[in-house]
1. Could you give the size of the charge dipole of region 107-247 about its Cα centre, using +1 on the Cβ of each K and R and -1 on the Cβ of each D and E, expressed in debye and rounded to the nearest 20?
2. In a Gaussian network model over the chain where Cα atoms closer than 10 Å are linked, find which of Leu101, Leu295, Leu52 has the largest mean-square fluctuation.
3. How many nm separate the modelled label positions at Asp240 and Val259, each set 7 Å beyond the Cα in the direction of the Cβ?
4. What is the gain in length, in nm to one decimal, between Asp105 and Asp150 on full extension, counting 0.36 nm per residue of separation less the C-alpha to C-alpha distance?
5. Return the whole-Å distance between the Cα centroid of region 166-213 and the Cα centroid of region 263-309.
6. Of Pro151, Pro134, Pro173, which has the largest mean-square fluctuation in a 10 Å C-alpha GNM of the chain?
7. For region 131-269, what is the per residue volume of the convex hull drawn over the alpha-carbon atoms, in cubic angstrom?
8. Simple spin-label model, 7 Å along Cα-to-Cβ: Glu44 to Ile186 in nm?
Amino acid sequence: MIRRALYILPGILVYVLSSVVSEGSAEDSHAAPKPTPGAYGVLEPFLRNSTLILKPDKEEPEWWAGAPSVVRDPTGVFWMACRMRTADAPRGLRGYEIRILRSEDGKSFEKVKSIRREEVPIPGFERPALLIDPRTGKFKLYGCGPWAEDPWCIVKWEDADSPADFVANTAKPVIRPPERAYERDIAPTEFKDPFILCTGGEFHCYVIGYIRRNERVFHFTSEDGERWEPVGSPSLPILDLSGWHNFHVRPSCVLPLGVGYLFVYEGSSTQWYDPVYNIVTGLAFTFDLHHLIDLTPDAPLLVSETPNRFFSTFRYSHWLDMGNEVWIYAEVAAPDQTHQIRLYRVPKDRLPRP
């Protein structure tokens, strides 16, 4: 049964979900990625009918609300941790706040907590990761940033009974880049943007690691969420730079399927305008949470339905199994050159079944 699924599932997923992206004309060789007609149309009606969750604090270019991490507690309440970003700071240090929000229905959120960078202290934030420890029932919060005088690393706050109770100055680094083994070693120099889940009695953390300024996917595991070890070689990414994601490739989310896992990733092409930030989303599949089969090697699956002239960004998506639907929270480009958090609801019967 599993062997049969290995051969069938990737093909079905690619056929049902993959989209085609325009590479741009000769007059516009740095076009932003745009969807074109194809199998992408299966999801398009649901992407167009999205819900705005959060705007940036200023509706001006390069002010962003994004990087949502969402969990639903046993009472049915939704909790979101996200990163708020200003335009008025050096690039790489623009994330000024981890904002915690609460919702009864997953659509209307209210702020319950702010962790500001000066409270930690840390020069800047990017993506947080929020989850519930299945053994203790407490909430865990992770983030990332340049720690003290060190490079970017993954940090963790002390666990709390409620996300509203996280204490800003309890953060500490838990995943740091390795020391170079020799002068020209190409081991990752920084880690950022964690996605973390607990399955099979073990925590799995997927991060962006920088190798010669390229963003790649690295995998760590932990028994307690505190002490982490790399899976396999600490210098070996688990997804290649190729096809449309030949500039960056990054982790986004993992969604259990019953038989294996959908591995949501994101990336960009050297042919696109500003591929550092023009990040869009694709899919892979895995049985063991480490070896990935790229299901969208030729074109991305998801781009913003609210793009602007330069950017079609659809990144940092978090996928929740809601029974009959999959809810996708994502940071997306908006027409005014801000980024917003939006919710996309996709019926499960539009997703493939093994």
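Read the figures in this text as sums done on the coordinates, not as results from a lab. This structure is a prediction, so every number in the text was calculated from the model and none was measured. Note: ideal-geometry Cβ built from the backbone for every residue, glycine included; neighbour counts use all protein chains shown.
1. In total the dipole reaches around 380 debye.
2. Highest fluctuation among the options: Leu52.
3. 2.6 nm
4. Difference between extended and current length: 12.2 nm.
5. 21 Å
6. For the chain, modelled as a Gaussian network with Cα springs under 10 Å, the answer is Pro134.
7. Residue-normalised Cα hull volume stands at 126 Å³.
8. Computed distance between label sites Glu44 and Ile186 equals 3.9 nm.
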